[in-house]
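What follows is a single structure, written as structure tokens, with notes after it.
FYI, it's all coordinate maths here, none of it is from the lab. Fair warning: this is a prediction, and the values are worked out from it, not measured in the lab. As a convention, Cβ positions derive from the backbone with ideal geometry for all residues, glycine included, and neighbour counts pool all protein chains shown.
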Amino acid sequence: MALYSEKVMDHFRNPRNVGVIEDANGIGEVGNAKCGDIMKMYLKIEDDIVKDVKFETFGCGSAIASSSMATELIKGKPVSEAMSLTNKAVAEALDGLPAYKMHCSVLAEEAIQSALEDYRRRQEAGE
Ligand code: FES
């Protein structure tokens, strides 16, 4: 069996939603101290819906594929649904990741949660 699924390879080679949202209202950046990979997520939320999401990932192929899949899973969805996204759901949508690469999907979950927290903080601050 191949180490990586077709979906992982597809999202690695042709990642969706790469880039920056200039007027994002939720931004989250996380890193994994062990491997040094960094992921940054930009959210544009309107009427409680994730209207747009983009990412920049400096990391391994699984981190790029996980970021790409995570953005696809929350795009157009209500904030409540985005909040419940788990790394397991990301990995499953990619048809699995090798065990030692599961932390790459954790980084995607954390980046989205961090961006959602930033959104909530800005809302509370009336920004
Ligand atoms: Fe660390 Fe993939 S090796 S995120």
Original post:
Residue by residue, what Karplus-based ³J(HN,Hα) values in Hz, rounded to whole numbers, does the stretch 118-127 have, using 6.51, -1.76 and 1.60 with θ = phi - 60° and x for Gly and Pro?
Top reply: 4, 4, 4, 5, 5, 4, 5, 7, x, 7
Original post:
For the stretch 1-60, rounded, prolate or oblate, judged on the Cα gyration tensor with a ≥ b ≥ c (square roots of eigenvalues), a/c < 1.5 rounded, else prolate if a/b > b/c?
Top reply: oblate
Original post:
Can you list the residues, at least 5 places off or on another chain, whose amide H is less than 5 Å from the amide H of Val18, using H built in the peptide plane?
Top reply: Phe55
Subject >> Karplus-derived 3J(HN,Hα), 6.51/-1.76/1.60, for each residue of the stretch 68-75, Hz, glycine and proline x >> reply: 4, 5, 4, 5, 5, 6, 9, 5
Original post:
Under a point-charge model restricted to the Cβ atoms of Lys and Arg (+1) and Asp and Glu (-1), what is the dipole moment magnitude of the chain relative to its Cα centre, in debye to the nearest 20?
Top reply: 340 debye
**OP:** Counting only C-alpha contacts under 8 Å and six or more residues apart, can you give the relative contact order of the stretch 72-122 as a whole percent?
**Re:** 37 percent
Subject >> Karplus (6.51, -1.76, 1.60) ³J(HN,Hα), θ = phi - 60°, over the stretch 102-116, in Hz, Gly and Pro reported as x >> reply: 4, 5, 5, 6, 5, 4, 5, 4, 5, 5, 5, 4, 5, 5, 5
Subject >> Among Asp52, Asp37, Asp23, residue whose mean-square fluctuation peaks in a GNM of the chain (springs only between Cα atoms under 10 Å) >> reply: Asp23
Original post:
If you keep only loop residues by DSSP, which GluC sites (Glu not before Pro) in the stretch 1-32 have at most 13 other Cβ atoms within 10 Å of their Cβ?
Top reply: Glu22
**OP:** Averaging sequence separations of C-alpha pairs under 8 Å and six or more residues apart, then dividing by the length of the chain, give the relative contact order as a whole percent.
**Re:** 31 percent
**OP:** Return the calculated 222 nm mean residue ellipticity for the chain, to the nearest 500 deg cm²/dmol, obtained by summing -39500 (n - 2.57) across DSSP H runs with n ≥ 4 and dividing by the residue count.
**Re:** -13500 deg cm²/dmol
**OP:** Give the whole-number value, in cubic angstrom per residue, of the convex hull volume spanned by the C-alpha atoms of the stretch 60-127.
**Re:** 80 Å³
